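Engineer: This is the structure, below, for whatever I ask next.
The values are calculated or read from the model by the stated rules, or taken from the named source; none is laboratory data. Fair warning: this is a prediction, and the values are worked out from it, not measured in the lab. For neighbour counting, all protein chains shown are included, and Cβ atoms are generated from backbone atoms with ideal geometry for every residue, glycine included.
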Amino acid sequence: MSFVHVSKTGEIATVTLSRGKVNALNEPMLREIRTSFQDLEKSDEVRAVILTGRGKFFSFGFDIPELLSYSKDDFIRYLTTFANFCSYLFLFPKPVIAALNGHTIAGGCMLANACDLRVMVSEKAKIALNEITFGASVFAGSVAILKFCVGSRNAETILYSGTMYSPDEAARLGLVDQIVPAENLMQAAEKAAVDFASKSAAAFSSIKGLLRGPIAEEMAKREQDSLHEFADIWYSEETWAKLQDIKIHS
Amino acid sequence: MSFVHVSKTGEIATVTLSRGKVNALNEPMLREIRTSFQDLEKSDEVRAVILTGRGKFFSFGFDIPELLSYSKDDFIRYLTTFANFCSYLFLFPKPVIAALNGHTIAGGCMLANACDLRVMVSEKAKIALNEITFGASVFAGSVAILKFCVGSRNAETILYSGTMYSPDEAARLGLVDQIVPAENLMQAAEKAAVDFASKSAAAFSSIKGLLRGPIAEEMAKREQDSLHEFADIWYSEETWAKLQDIKIHS
Amino acid sequence: MSFVHVSKTGEIATVTLSRGKVNALNEPMLREIRTSFQDLEKSDEVRAVILTGRGKFFSFGFDIPELLSYSKDDFIRYLTTFANFCSYLFLFPKPVIAALNGHTIAGGCMLANACDLRVMVSEKAKIALNEITFGASVFAGSVAILKFCVGSRNAETILYSGTMYSPDEAARLGLVDQIVPAENLMQAAEKAAVDFASKSAAAFSSIKGLLRGPIAEEMAKREQDSLHEFADIWYSEETWAKLQDIKIHS
């Protein structure tokens, strides 16, 4: 693994996104994240997972500069991989705690939203679904997951404005569950993970399925169409021009 | 147009309900509102719409005294026109800001709820879905839209009580998003409209569709049955007697 | 009737759970509750119902020690009876107010959630869906009803933690609507019932159907599978061992 680091302490596994300075998601990285989670799903020892990032970003989201070099077919395959992973993570049968160590942007926020709990650092990090600000749409699944987390009305507020929220603002909207100083982040995430892990695994997984299964079914019906609509807007003249201006300092 | 006034400033169009003293909705007026919005949907210049009312009411809702003179068939056609327009407005591909200049009652509140943002005057104006207080029901679509705005539990509170809410109470329930002094209403609505208009139109319309499309599909399945149930209750002895007492001073 | 007491004052009926010290639900008691509600549904006089408990518990939930002696088939029949009654109560065409006189636990909380309003005593009583703490799951219907009451995110918090909430904490989560001193409980419940009863019965029942019908349809699709999953977990070695430790002092 080059872009994802997995460690284990007792029943708790930690998956750390580690690619460049901003943990931007390209296709090889997505595949590594998926493989890591599939391994953790199968592991008998692991009872809870923490998902975090290295450095000042949890994740910048899609690696836009790199994606601009993909063919449209490759881009749609990338989107499909990403959307499928979000659905998989949303239904992951073990508890997943997002430890948001820094900026949590666009696709990064979608990953965080699919987890069971979001703990964020109290510092200057921002969290946003800011797709609309660079002319992009989102997917059916990411909208459904967002509505599940924060309710329909807050989902509109977040998506229509594309605001970069401070942790406090995000907590008021329900986008973040807990805020702690950076030095206590992993400790707080581990405490939550141990708490989850102390519960019956079968009961947890059954209850999670009952809460999230109906949403996932709805998502699945619309996902494919929404990915194509996403790609059409992405490749439109207006959006394509804006995407060129997005740089990643890595 | 006699009951609806449409004006444009730059990319922002304003639709003003203008019928009598209370902007009560009869069928010709509904058709005018629909035509106005259809024109604005097609217009290339218009990027956001403000919906407001003239005088002390945003809208009283249905013109009950006039509706009492309709035949049952005409009444059901009226209901269908109204419900279809609410669904159309809920899915309108451009941003719509409701500038609630005064009392926003029953059908008037349903129109407001279908918009993307509700700004209300801070003065004595009331907002209510008070149908239950005169023995009427509501429609499947208006219930689904209300749940979308305020969540299921608040939707129950609002519909079961039929309370005439002050703007502050309404804001606490999520029925109103912003409250401003009357003299600043249009300025606040325009600011919000300009903000929406500055975003990518294609991305906005796609995101709105993802947020609201699944709700609209559910609504459509139930709407027709609910309109007939509505009409049956409307023409029941108990409700019919109460409706006779409703006067409009115009 | 031996486990359920029904009284009437004017248009308001009161159903009091009365079995042992904790009103634990066995199958004969479930049948009595159902029969009581079916009678009240038919009664022309009764316009609103209060559901309460005798003593320090509203209800302990399932009578676990007794259920452990059921065969698996009998247990599944019991679950089906319970789940069907929850759905029936959720859609009951007249207003139902839960007057939570004391601890409201697991299955007891599911009954309360299916009502139209929850008034709880301000004293030491706790309210919880604590199934996960003894390794049990819940049902599709009870999850859907909980989401309807408190939203998806709070539903997760409540179910994943299994916390025994104080009335204040429960109110913040939306699990309880009103908190009053014990000596005012029945008065507060009656006031709410009289308020509901003063509204048009046909309009109330129609609006309740519009609000809750779509949820009930979704529930119905998943309920049977979820009951079998519930039973499988219930009879698993891990959960079965924990269930042996649960005692009821009666």
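Engineer: Within 25 Å of C:Y235 (Cα to Cα), hydroxyl-bearing (S, T, Y) and exposed (fewer than 13 other Cβ atoms within 10 Å of the Cβ) - does that describe any residue in the stretch A:197-204?
Structural biologist: Yes, because at least one residue in the stretch A:197-204 is within 25 Å of C:Y235 (Cα to Cα), hydroxyl-bearing (S, T, Y) and exposed (fewer than 13 other Cβ atoms within 10 Å of the Cβ).
Engineer: Which ones in the stretch B:215-244 are farther than 20 Å from C:G209 by Cα and either basic (K, R) or buried (at least 20 other Cβ atoms within 10 Å of the Cβ) (or both)?
Structural biologist: Residue satisfying the conditions is B:K242 alone.
Engineer: Just to check your reading of the model, which residue among C:A112, C:A98, C:A125, C:A83 is among the hydrophobic types (A, V, I, L, M, F, W, C) and touching an Asp or Glu at 6+ places or on another chain (Cβ under 8 Å)?
Structural biologist: On the way: C:A112 fails: touching an Asp or Glu at 6+ places or on another chain (Cβ under 8 Å); C:A98 fails: touching an Asp or Glu at 6+ places or on another chain (Cβ under 8 Å); C:A125 fails: touching an Asp or Glu at 6+ places or on another chain (Cβ under 8 Å).
Step by step, each of C:A112, C:A98, C:A125, C:A83 is checked, and only C:A83 is among the hydrophobic types (A, V, I, L, M, F, W, C) and touching an Asp or Glu at 6+ places or on another chain (Cβ under 8 Å).
Engineer: For residues that are under 20 Å from C:V119 (Cα atoms) and either of a type in the set (S, T, Y) or touching a Pro at 6+ places or on another chain (Cβ under 6 Å) (or both), scanning just the stretch C:1-55, find the one that is modelled with the lowest pLDDT.
Structural biologist: So the residue we want is C:T9.
Engineer: Please give the number of the condition C:S206 fails out of (1) in contact with a strand residue (DSSP E or B) (Cβ under 9 Å, 6 or more places away or on another chain); (2) hydroxyl-bearing (S, T, Y); (3) within 30 Å of B:G141 (Cα to Cα).
Structural biologist: All conditions are met except number (1).
Engineer: Which ones in the stretch A:186-236 are of a type in the set (D, E) and within 9 Å of another protein chain (Cβ to nearest Cβ)?
Structural biologist: Within the stretch A:186-236, A:D195, A:E218, A:E229, A:D232 meet the criteria.
Engineer: Let me ask something else about it. I'd like to verify a number: residues in the stretch B:203-223 that are free of Cβ contacts under 8 Å to residues at least 24 places away in the same chain and either in contact with a Pro (Cβ under 6 Å, 6 or more places away or on another chain) or of a type in the set (S, T, N, Q) (or both), how many?
Structural biologist: 1
Engineer: Test A:A192 against the stated conditions and say whether it is within 18 Å of A:N113 (Cα to Cα) and at pLDDT 95 or above.
Structural biologist: When the stated conditions are applied, A:A192 passes them.
Engineer: A follow-up question, please. Among the residues of the stretch C:172-185 satisfying the criterion of being more than 12 Å from C:M120 (Cβ to Cβ) and not hydrophobic (A, V, I, L, M, F, W, C), which is nearest to the other protein chains (Cβ to nearest Cβ)?
Structural biologist: The extreme case among them is C:G174.
Engineer: Counting only residues that are over 15 Å from the mean Cα position of the chain (by Cα) and surrounded by 20 or more Cβ atoms within 10 Å (Cβ to Cβ), give me the strands (runs of 3 or more DSSP E) lying completely in the stretch B:44-149 with at least 1 of them.
Structural biologist: In the stretch B:44-149, the matching strands (runs of 3 or more DSSP E) lie at B:48-53, B:117-121.
Engineer: What is the number of the single condition among (1) within 11 Å of chain A (Cβ to nearest Cβ); (2) within 22 Å of B:L173 (Cα to Cα); (3) crowded, with 22+ Cβ neighbours inside 10 Å that C:R153 does not meet?
Structural biologist: Looking at each condition in turn, C:R153 falls short on (3).
Engineer: Before we move on, is A:E169 without any contact (Cβ under 8 Å) to a residue 12 or more places away in the chain, more than 12 Å from every other protein chain (Cβ to nearest Cβ), in contact with a Leu (Cβ under 9 Å, 6 or more places away or on another chain) and assigned to a helix (DSSP H, G or I)?
Structural biologist: When the stated conditions are applied, A:E169 passes them.
Engineer: Out of the residues in the stretch B:241-250 meeting the condition of being hydrophobic (A, V, I, L, M, F, W, C) and touching a residue at least 24 places away in the same chain (Cβ under 8 Å), tell me which one is nearest to the other protein chains (Cβ to nearest Cβ).
Structural biologist: Step one: of the stretch B:241-250, the residues hydrophobic (A, V, I, L, M, F, W, C) are B:241, B:243, B:246, B:248.
Now drop any that are not touching a residue at least 24 places away in the same chain (Cβ under 8 Å), which leaves B:243, B:246, B:248.
On the way: B:L243: 12, B:I246: 14, B:I248: 21 Å.
Only one residue fits best here, namely B:L243.
Engineer: Could you check how many residues of the stretch C:15-43 are among the hydroxyl-bearing types (S, T, Y) and in a helix (DSSP H, G or I)?
Structural biologist: Residues of the stretch C:15-43 among the hydroxyl-bearing types (S, T, Y): C:16, C:18, C:35-36, C:43.
If we keep only those that are in a helix (DSSP H, G or I) too, we end up with C:35-36.
Residues that pass the stated criteria total 2.
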